[in-house]
Amino acid sequence: MALQQELQVQPKREVEKKRERTVPSAAFLPATDIFETDHALTVIMEMPGVGKENVDVSVENDVVTVEGRIDFSKYEGLQPVYTEYNVGNYMRSFQVSSKIEQSGISAEITDGVMTLVLPKAEKAKPRKIAVG
């Protein structure tokens, strides 16, 4: 029998400053889930307010980096009465192993939810071995 687990609200965590920026702005770690199948890893990240035109995904030196930018013009002139989360850009990086086929990585974003598919290299996929 599976145990029921109560969902916890996770506070936004700010990205540790690793790179200097010329424009001051907060960058947050998007809440992320990673799922594995025999053929790929699927990474799902929540980046509310980020659209397709404001996201960059790159692979360099075995690191996949996702950067999502918020259009701050939507918030100009608004005076918050009550807020539960800070508005800011998102950034997250993952080290990938040689078991991932980097040239096959794909990404899509819908309604602020980014889905990355990291296909496994042929050598990392499970396979049957014929006995002769």
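I'm checking my understanding of the structure. Among residues of region 64-97 that are in contact (Cβ under 8 Å) with a residue 24 or more places away in the chain and among the polar types (S, T, N, Q), which one is most open to solvent (accessible area, probe 1.4 Å)?
95
What is the one condition in (1) within 22 Å of residue 27 (Cβ to Cβ); (2) out of contact with any Asp or Glu (no Cβ under 9 Å at 6 or more places or on another chain) that residue 49 does not satisfy?
Result: residue 49 fails condition (2) only.
Just checking, how many residues over region 103-132 are open to solvent by 60 Å² or more (accessible area, probe 1.4 Å) and either under 20 Å from residue 33 (Cα atoms) or small (Gly, Ala, Ser) (or both)? Step through it out loud before you land on a result.
Taking region 103-132 and keeping what is open to solvent by 60 Å² or more (accessible area, probe 1.4 Å), we get 103, 108, 110-111, 122-123, 126-132.
Narrowing further to those that are either under 20 Å from residue 33 (Cα atoms) or small (Gly, Ala, Ser) (or both): 103, 108, 110-111, 130, 132.
Going through region 103-132 one residue at a time, the tally reaches 6.
The values are calculated or read from the model by the stated rules, or taken from the named source; none is laboratory data. All values derive from a computational prediction rather than experimental measurement. FYI the Cβ positions are ideal-geometry reconstructions off the backbone, even for glycines, and counts take in every protein chain you see. These accessible areas exclude ligands, DNA and RNA; they are computed on the full protein's heavy atoms, side chains included. Shrake-Rupley method; radii C 1.70, N 1.55, O 1.52, S 1.80 Å.
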